[in-house]
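Structure record follows, encoded as structure tokens.
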Amino acid sequence: MLKDLDKPASRSRAVVIFSMAPKENTVLYKAPSFEHYNQAAQKNNNSHTQFAHNENYRRNSGSESECSDAAILHRQTSASTYRSETTQSTPVQSPYLGNLSPLSQSLWKNVKKSKSGPLMISPDDPTAWLTWKDLTVSVSLAGASTHLLLDNLSGYAEPGHMMAVMGPSGSGKSTLLDALAGRLAKNTMMTGDVHVNGRHRKLSYGSVAFVTQEDTLIGTLTVRETIFYSAHLRLPDAMPWSEKENIVESTILEMGLQDCADTAVGNWHLRGLSGGEKRRVSIALEILMRPRLLFLDEPTSGLDSASAFFVMQTLRGLSRDGRTVLFSIHQPSSEVFALFDKLYLLSGGRTIYFGDATHAHEFFAQAGFPCPQRRNPSDHFLRCVNSDFERVKQSLRSSVRHRKNAAVDPLEKHTTAEVIDILTNAYNTSGQAIATAVKIYEISQVKGLNLESSGSQASFFMQTKTLTKRSFINMTRDLGYYWLRLITYIFVAICVGTIYFKVGTSYNSILARGACTSYVAGFVTFMSIGGFPSFIEDMKVFQRERLNGHYGVWAFVVANTLSSFPFLVAIAIATGTICYYMAGLHPGFTHYLFFTINLLGCIGVVESLMMAVASVVSNFLLGIVTGAGLLGVFMLVAGFFRLPNELPKIFWRYPMSYLSFNYWALQGQYKNDYLGLQFDNVSPLLPPITGEEIITEKFQIDLSWSKWWDTAMIYVFLVAYRLVFFLNIKLNEKVTPYVRAFLTKQTAQWKGQKLSSKTVIPVKQSPDAGRG
């Protein structure tokens, strides 16, 4: 083994035995710099031999029970899974696949702890050892009440293994993952210690990946395009294009997505991937940067048994590559359960069991609740700790078969709360709890590498370029983004053109021209709120990618503006041309050009306003109502329904009319259409009416500035709303969490003062009272 480690081509390091005393020197390991991609990886010819060695180690160390059916199924599944992974991936493996990071050199086999010796970790080992001790999480509710989410949890996760966090709904599975990954909301309070490689520090982008329960993907892109753009958003600019493609292809092979690589993800009008394939795509996006620590929240949620098994089999392969994998799961099948290495069983935020998955049935049997034959172990475990089964038992008490089984079923003799107390006490006094405490201490004493990362390694220009191209492709392929709106705009423009066809310069056409111009500047641009559902989908993708450090906020804002600009220009030209020439407005190309530029600015302002609303309101129905209300107020003070000088001076005239982009758009359009024209008077005997008289007397518009200044104000609003969109996101990231944290602390302090001023009389409660 040491001879192989000494080879120059190998990235593994010699194993160093640490003493129990902490090390003074700190070795800093940053996220993969990807400079080593230009070296071809050597094939690992000893994979089957190493697996057999590990299996012998597990048997000799007593990690699995030889007489356990679950243990036998666990070993058989492990062997078949490992062989299928190695035999299937080797013939098509990219030369860069094995050399993406030091993890791919199978370092996990060098971090085993011998039966009697101390913990063995290499000083430059890039793997992640995660420990948590006395972890408690609570949240403040209304009325100064506090709800306990996690209650004094302790455990560890090691490289080369995947740990399942299992429990009924509301047991604290997702909260535990959020606490370990540093993603808790600021209105929660956490106590306890979380260490990575023996160091208490915040987990950083690139070192840690988190796959959420929802698959927020762009439905119009194919699998290869999705992973390709994600790679370009995060990999260094200096990396050659061919090497980035190799990384993308290797990730596709690693996740088993080669058969659907050119299939669209799927959306409301495109048939795409299955649920299991979408979940694997979500995982693939997060392992591009080769994280050492991988969290997954309910990776099998919504999947059938076959898809769930393939997803978990993929995660098992990732863990065998040296990663530390933790995931929450609700109720796995027996085949999926056999893939687990470690099991963390929770109920009401309390630890029921932590240890080897194959030893869980022995623990329950020793506690007095053995798993019946031919029953899924996970079903039995959850039945023991899920209070919802109390109602099921009550509804079955009249059944004759149930009365016969009740005589031999120990669960019928206890309530769920009593069972939870029995199991909790049994675990706290068991050998598993002692071994866990010893392992946590050993791992905490060994000071490994600091896992630091700068997030995305791509430049701002590369991020903006990639996001612009990706967004433009999405807008082009998604029929509901702009194409349906363009058709609607053209249809409405034809309707306006036919109603005001060749409006002329008669006396009656004075108000008709004003109505036509007002409708185009107000109600036609109002239709841009139809794109709000698409904005919401974009924001979901942005929030997931932003939270995982894929790119910055400013790159997203600029890219969205650039990618949408060609479509806005097409809508403005199509609508403006039809309306202008069918209605026969002021002749001359410069007047037509102004009309189109003014309309383009109005459409852009509405788009920007709805994006600013989308950054605050995540529900698309509530967002549409909010946007429609704001636009309705802006049209109300524009100067058509009520002349500017007749508006109430307080609030409506100052400042609302000046804050309305419709006010400036209407002034510019009136000046563009009326100035230079003469209209028939009410009587042929009277002199014609000039456009200047109509604007100043009829519409009460100030002619002291040019119409181009009015249009410039529209584009000022466009930029301002984009800045508001940017600031909303930054405030939501920076300020809002601290405000929530401050309010939570104030609530907790007020509650403490309130309780201290009262005499507390102890009241006997049930063991699970107040846990929710």
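For residue 369, the conditions (1) part of a helix (DSSP H, G or I); (2) closer than 21 Å to residue 412 by Cα all hold with the exception of (1). Taking the criterion of being in a helix (DSSP H, G or I) and among the polar types (S, T, N, Q), the residues of segment 502-517 that qualify are 509, 517. Go through segment 620-670 and give me each residue that's farther than 23 Å from residue 519 by Cβ and touching a residue at least 40 places away in the same chain (Cβ under 8 Å). Result: 620, 623. Scanning segment 703-720 for residues that are assigned to a helix (DSSP H, G or I) and either over 30 Å from residue 613 (Cβ atoms) or of a type in the set (S, T, N, Q) (or both) returns a single hit, 711. Filtering segment 698-717 to residues that are buried (at least 21 other Cβ atoms within 10 Å of the Cβ) and touching a Ser or Thr at 6+ places or on another chain (Cβ under 9 Å) leaves only 717.
Taking the criterion of being buried (at least 19 other Cβ atoms within 10 Å of the Cβ) and part of a loop (DSSP other than H, G, I, E, B), the residues of segment 233-253 that qualify are 235, 239.
Only residues that are surrounded by fewer than 22 Cβ atoms within 10 Å (Cβ to Cβ) and either touching a strand residue (DSSP E or B) at 6+ places or on another chain (Cβ under 6 Å) or within 30 Å of residue 184 (Cα to Cα) (or both) were counted in segment 558-580, giving 2. Scanning for something surrounded by fewer than 21 Cβ atoms within 10 Å (Cβ to Cβ), over 24 Å from residue 157 (Cβ atoms) and in the same structural domain as residue 345 (by TED's automatic domain parsing), does segment 190-207 turn up at least one residue? Scanning segment 190-207, I find no residue that is surrounded by fewer than 21 Cβ atoms within 10 Å (Cβ to Cβ), over 24 Å from residue 157 (Cβ atoms) and in the same structural domain as residue 345 (by TED's automatic domain parsing), so the answer is no.
Kindly check whether there is at least one residue in segment 695-702 that is assigned to a helix (DSSP H, G or I) and farther than 20 Å from residue 520 by Cβ. Checking segment 695-702: at least one residue is assigned to a helix (DSSP H, G or I) and farther than 20 Å from residue 520 by Cβ.
In the list 256, 272, 219, which residue meets the criterion of being surrounded by fewer than 22 Cβ atoms within 10 Å (Cβ to Cβ), part of a loop (DSSP other than H, G, I, E, B), at positive phi and assigned by TED's automatic domain parsing to the domain that holds residue 171?
None of the others qualify; the one that does is 256.
Of all residues in segment 465-488 being of a type in the set (Ser, Thr, Tyr) and buried (at least 21 other Cβ atoms within 10 Å of the Cβ), which is farthest from residue 607 (Cα to Cα)? Selected residue: 466.
Of note, residue 310 satisfies the criterion of being of a type in the set (Phe, Trp, Tyr) and assigned to a helix (DSSP H, G or I).
The values are calculated or read from the model by the stated rules, or taken from the named source; none is laboratory data. Just so you know, these numbers come straight off a predicted model, no measurement behind them. Neighbour counts are summed over all protein chains in view; Cβ atoms, including those assigned to glycine, are modelled from backbone coordinates with ideal geometry.
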